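Peer 1: First, the structure itself, so that you have it in front of you.
Every number here is computed from the coordinates shown, using simple stated rules; none is lab data. Remember, it's a predicted structure, so these values are computed and weren't measured experimentally. Counting neighbours? That spans all protein chains shown, and the Cβs are built from the backbone with ideal geometry, glycine included.
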Amino acid sequence: MDLQLTGASAWELFCKVKETGPLIQCITNFVSMDIMANMLLAAGASPAMAHSREEAAEFVRLASAVLINVGTLSPEWTDSMRATATAARELGKPWVLDPVGAGATTFRTQTILSLVDLKPTLIRGNASEVMAVAGGVGTVRGVDSTASAVEALSLGKDLARRVGCVVAISGATDLVTDGHRVVACRNGTPLLTKVTATGCAVTALAAAFIACAPHDPLTATAHALAVFGLAAELAAREARGPASLRVGLLDALYSVKQSQVCENVLLNEANDT
Ligand SMILES: Nc1ncnc2c1ncn2[C@@H]1O[C@H](COP(=O)(O)OP(=O)(O)OP(=O)(O)O)[C@@H](O)[C@H]1O
Ligand SMILES: Cc1ncsc1CCO
Ligand SMILES: [Mg+2]
């Protein structure tokens, strides 16, 4: 069966996010909290940053989807991350994992692997992170990638099959896979790599899209990456550098029009990549 991967299908799902305003519970790093919450609001979703051990799991009941990002990890947070992921699983709610800096340190990698055991719906990382999570050779430099998405695809597919989840590898071309099918997204701008936490923010956007299409996380994730990448392209036209790109990206995500999405989304199935 062909996947629906057009600008029109991206717009349709984006409209569902705007119409239903899904509540996305985020346990995320200090660097990304602001841009992530604002990006979710600009897209029409409703963010809630809730990470205390006391309330994290209970909060899941209210949420349509959960995001867990280990960017500024410390031992006090790992318990609430695991409790929240467990609650999401038990309640049948989608949850997505952003394995920031996987492979950089033992503590980080082991925490991430323990979260992967709790079966996320989606794992979205840069190429180095996905390779490290999959058990390949780590090429991570702090939180930035030193590899391309294509280099990580084979390990990413293995990981998706093993966990039974979707894996999204970001980069110049984003690749999204369920271990069987591969979708390529070519929207974006290299200037995104000069604004911190844009990867974190797009993972949260994917959670919002998945909340509105829980039966099809592969397509929902690809659509989220495409809409985000397109908004960044529009913002880059006016940007003078990273700071104005960051501001313009929020404005573009908020105001992007149906015709722009329908005509400029660059998604295709790329199973032979
Ligand atoms: N060279 C590039 N050209 C176009 N778009 C890019 C490029 N590199 C990354 N992107 C886009 O930038 C966004 C962030 O991806 P990236 O791989 O930089 O994530 P990340 O390393 O996890 O970021 P962060 O850790 O800062 O949140 C994605 O939407 C991706 O498509
Ligand atoms: C720079 C940085 N360090 C830890 S998390 C984070 C945000 C980008 O992943
Ligand atoms: Mg990242």
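Peer 1: In percent, how large is the relative contact order of the chain, given Cα pairs closer than 8 Å and 6 or more residues apart? Mind showing how you got there, number by number?
Peer 2: Values: 607 pairs, mean separation 57.7, N = 273.
Relative contact order here is 21 percent.
Peer 1: Any idea what the dipole of the chain comes to, in debye rounded to 20, about its Cα centre with Lys/Arg Cβ at +1 and Asp/Glu Cβ at -1?
Peer 2: Details: 21 positive and 25 negative charges, 31 e Å.
Computed about the Cα centre, the dipole is about 160 debye.
Peer 1: Would you calculate the separation in nanometres between label points at residue 264 and residue 90, each defined as 7 Å from the Cα along the Cα-to-beta-carbon direction?
Peer 2: 4.5
Peer 1: Can you sort 81, 49, 36, 1 by how many other beta carbons sit within 10 Å, fewest first? Provide the component values of the computation, followed by the final result.
Peer 2: Numbers: 81 24, 49 15, 36 28, 1 4.
In increasing order of surrounding Cβ atoms, one gets 1, 49, 81, 36.
Peer 1: Among the helices of the chain (complete DSSP H runs), which have Cα atoms covering no less than 18 Å along the helix axis and a Kyte-Doolittle mean of at least 1.0?
Peer 2: 198-211
Peer 1: For 223, 51, what's the fewest-to-most ordering of other Cβ within 10 Å of each Cβ? Don't jump to the answer; show the numbers that get you there.
Peer 2: Working: 223 34, 51 18.
Lowest to highest Cβ neighbour count: 51, 223.
Peer 1: By how many nm would the segment from residue 194 to residue 53 grow when fully extended, if each residue of separation counts as 0.36 nm and the alpha-carbon distance is taken off?
Peer 2: Values: separation 141, 0.36 × 141 = 50.76 nm, distance 3.30 nm.
Full-extension gain reported as 47.5 nm.
Peer 1: So if I take the centroid of the Cα atoms in the stretch 40-60 and the same for the stretch 119-133, what is the distance between those two points in Å?
Peer 2: 21
Peer 1: What do you get for Rg/Rh over the chain if you use C-alpha atoms and the Kirkwood form of Rh? Mind showing how you got there, number by number?
Peer 2: Details: Rg = 16.6 Å, Rh = 17.9 Å.
Radius of gyration relative to Kirkwood radius: 0.93.
Peer 1: So, one more: What is the extension gain from residue 148 to residue 8, computed as 0.36 nm multiplied by their sequence separation minus the C-alpha to C-alpha distance, in nm to one decimal? Walk me through the intermediate numbers first.
Peer 2: Working: separation 140, 0.36 × 140 = 50.40 nm, distance 2.83 nm.
Between residue 148 and residue 8, full extension yields 47.6 nm more.
Peer 1: Using the alpha carbon gyration tensor of the stretch 22-165, what are the three equivalent-ellipsoid semi-axes (square root of 5 times each eigenvalue), largest first, in whole Å?
Peer 2: 24, 16, 15
Peer 1: Would you calculate, for the chain, the mean residue ellipticity at 222 nm contributed by helices, counting each DSSP H stretch of 4 or more residues as -39,500 (n - 2.57) and dividing by all residues, to the nearest 500? Write down the numbers at each step before the final one.
Peer 2: On the way: 11 runs with 139 residues, N = 273.
Computed mean residue ellipticity for the chain: -16000 deg cm²/dmol.
Peer 1: Rounded to whole Hz and in sequence order, give me ³J(HN,Hα) for the stretch 258-264 from the Karplus expression 6.51 cos²θ - 1.76 cosθ + 1.60, θ = phi - 60°, writing x for Gly and Pro.
Peer 2: Ordered by residue, 3J(HN,Hα) equals 3, 5, 5, 5, 4, 8, 10 Hz.
Peer 1: Among DSSP beta bridges whose residues both lie in the chain, state the antiparallel percentage, nearest 5.
Peer 2: If I count the DSSP bridges inside the chain, around 35 percent turn out antiparallel.
Peer 1: Under 20 Å between alpha carbons, and skipping anything fewer than 8 positions from residue 16 in its own chain: which lysines qualify?
Peer 2: Cα-Cα hits under 20 Å: 93, 257.
Peer 1: Let me ask something else. For 209, 59, 30, what ranking results if the residue with the fewest other Cβ atoms within 10 Å of its Cβ goes first? Kindly include the intermediate steps, with their values, before the conclusion.
Peer 2: Details: 209 31, 59 20, 30 9.
By the 10 Å Cβ count, ascending: 30, 59, 209.
Peer 1: Amide H neighbours of residue 179 under 5 Å, counting only residues 5+ apart in sequence or on other chains, H built in-plane at 1.01 Å?
Peer 2: Amide H neighbours of residue 179, under 5 Å, 5+ apart: 167.
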